[in-house]
Amino acid sequence: MYQFFVEENQLMGDRIAILGSDVNHIKNVLRMKIGERVRVSVSYNGRSFFGIIDSITEDEVMVAIESEDESGTELSNRIYLFQGLPKGDKMELIIQKAVELGVYEIIPVAMKNCVVKLDDKKAGNKVKRWQAISESAAKQSKRTLIPEVQMPLTWKEAMKKAEELDVVLVPYECERGMETTREVIKSIEPGQSIAIFIGPEGGFSPEEIEGICPTNAGDGYSQELEEKSHRISLGRRILRTETAGLATLSMLIFCLDE
């Protein structure tokens, strides 16, 4: 069954209007007909419906609602991926797979060891492309919502945002032993918001790792992160930046998904 996303104002009682580029896709690419069943999700509020196409025009496809999808496909925990900006097109792969694995929001972060430097214009164009990848992956994986890709943040801005969340996980190559990782993940409660911080190819700088998850309080240390931040291990092997976040998401799904 094909899936489409709409804005809240396209939900009209017992019918849903599909507009924009999806109309051409339905008519000319998928060649769908009146009477075919579809799943339609409201982009950012988490509601999904099953319905039947009951009219197709040049500008819109109308869907008659049969039922609401009460079970949905979302985790009870909202997971925020703070990804150090990687080189090349690695970010596209990270976004695609993170969306498939259930991430709620993706926040690119300009860290000290990032090779990539984006000005506002370049960042805006990148984010537009990244958001389109998120939407495509959400459709493919039958997500109930489209994860948002934020504009890149500085390290300080990222730490400030993380202070608002319940749990902060920092996979770090110098950590050893999976027992702590298991204990931390098992302690996460349903409904808690989770931040995952992933360094770029060069890893976190010493100042960054001490700031987000300190061994000793000092300059740049955030007391708001003291109890909620945890350095964790992802095993005895060193993972690439495009692998580390996905590995962490997979571990979380294993323990948190119902």
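The values are calculated or read from the model by the stated rules, or taken from the named source; none is laboratory data. Owing to the predicted nature of the structure, the values given are computational and were not obtained by experimental measurement. Here the Cβ positions follow ideal geometry from the backbone for every residue, glycine too, while neighbour counts run over all protein chains shown. The accessibility values were calculated without ligands, DNA or RNA, using every heavy atom of the protein model including side chains. Shrake-Rupley method; radii C 1.70, N 1.55, O 1.52, S 1.80 Å.
Need one word for the range 39-95: rounded, prolate or oblate. Basis is the Cα gyration tensor (sqrt eigenvalues a ≥ b ≥ c); a/c below 1.5 gives rounded, then a/b vs b/c decides.
Working: a/c = 4.41, a/b = 1.77, b/c = 2.49.
Oblate shape, in that a/c is at least 1.5 and b/c is the bigger or equal ratio.
Going by the alpha-carbon gyration tensor, a ≥ b ≥ c the square roots of its eigenvalues, is the range 127-246 rounded (a/c under 1.5) or, if a/c is not under 1.5, prolate (a/b greater than b/c) versus oblate? Could the numbers behind the result be given before it?
Values: a/c = 1.56, a/b = 1.43, b/c = 1.10.
Cα axes put the range 127-246 in the prolate bin.
At residue 173 and residue 69, where each label point lies 7 Å from the Cα along Cα→Cβ, what is the point-to-point distance in nanometres?
Using points 7 Å along Cα→Cβ, the separation is 3.9 nm.
If I model a spin label at residue 182 and residue 21 as a point 7 Å from the Cα along the Cα→Cβ vector, what separation in nanometres do I get?
Those two pseudo-labels are separated by 4.6 nm.
Quick check: residue separation of residue 157 and residue 2 times 0.36 nm, minus the Cα distance between them. What number comes out in nm? Let's see the in-between values first.
Values: separation 155, 0.36 × 155 = 55.80 nm, distance 3.82 nm.
Going from the current span to full extension adds 52.0 nm.
Summing -39500 (n - 2.57) over the DSSP H runs of n ≥ 4 in the chain and dividing by its residue number, what mean residue ellipticity at 222 nm do you reach, to the nearest 500 deg cm²/dmol?
Numbers: 7 runs with 77 residues, N = 258.
After summing the helix terms and dividing by residue count, I get -9000 deg cm²/dmol.
With the other protein chains left in place, how much accessible area per residue, in square angstrom, belongs to the chain at a 1.4 angstrom probe?
52 Å²
Once fully extended, how much extra length lies between residue 59 and residue 257, figured as 0.36 nm per residue of separation less the alpha-carbon to alpha-carbon distance? If you can, show how the numbers build up before the last one.
Numbers: separation 198, 0.36 × 198 = 71.28 nm, distance 3.87 nm.
So the extension gain works out to 67.4 nm.
Sort largest first and round to whole Å: the equivalent ellipsoid semi-axes of the range 4-81, each the square root of five times a Cα gyration tensor eigenvalue.
Numbers: eigenvalues 109, 38, 26 Å².
Whole-Å semi-axes of the equivalent ellipsoid: 23, 14, 11.
Once you have the Cα-Cα distance between residue 33 and residue 52, take 0.36 nm times their residue separation minus that, and quote the gain in nm to one decimal. Show your work: numbers first, answer last.
Numbers: separation 19, 0.36 × 19 = 6.84 nm, distance 0.97 nm.
Full-extension gain reported as 5.9 nm.
Per the 1.4 Å probe, what fraction of the accessible area of the chain, in percent, lies on carbon and sulfur atoms?
Here carbon and sulfur together make up 47 percent of the probe-accessible area.
Can you tell me, using C-alpha contacts under 8 Å and at least 6 residues apart, the relative contact order of the chain as a whole percent?
Relative contact order here is 20 percent.
Kindly identify the chain as rounded, prolate or oblate by the Cα gyration tensor criterion: order the square roots of the eigenvalues as a ≥ b ≥ c, call it rounded if a/c is under 1.5, otherwise compare a/b with b/c, prolate if a/b is larger, else oblate. Write out the running numbers ahead of the final one.
Details: a/c = 2.55, a/b = 1.93, b/c = 1.32.
It is prolate, given that a/c is not under 1.5 and a/b is the larger ratio.
Between residue 250 and residue 120, how many nm apart are label points set 7 Å from Cα along the C-beta direction?
Taking the two extended label points, one gets 4.0 nm.
Provide the percentage of antiparallel DSSP beta bridges, counting only those with both residues in the chain; round to the nearest 5.
On the way: 18 of 44 bridges.
If I count the DSSP bridges inside the chain, around 40 percent turn out antiparallel.
Please work out, to two decimal places, the log10 of the ratio I(q)/I(0) at q = 0.17, 0.20 Å⁻¹ from a Debye calculation in which every Cα of the range 81-162 carries one identical scatterer.
Evaluating at q = 0.17, 0.20 Å⁻¹ gives log10 I(q)/I(0) of -0.63, -0.86.
For residue 128, give me every one of the aspartates and glutamates with a C-alpha distance below 17 angstrom, ignoring sequence neighbours fewer than eight places off in its own chain.
89, 92, 105, 119, 120, 148
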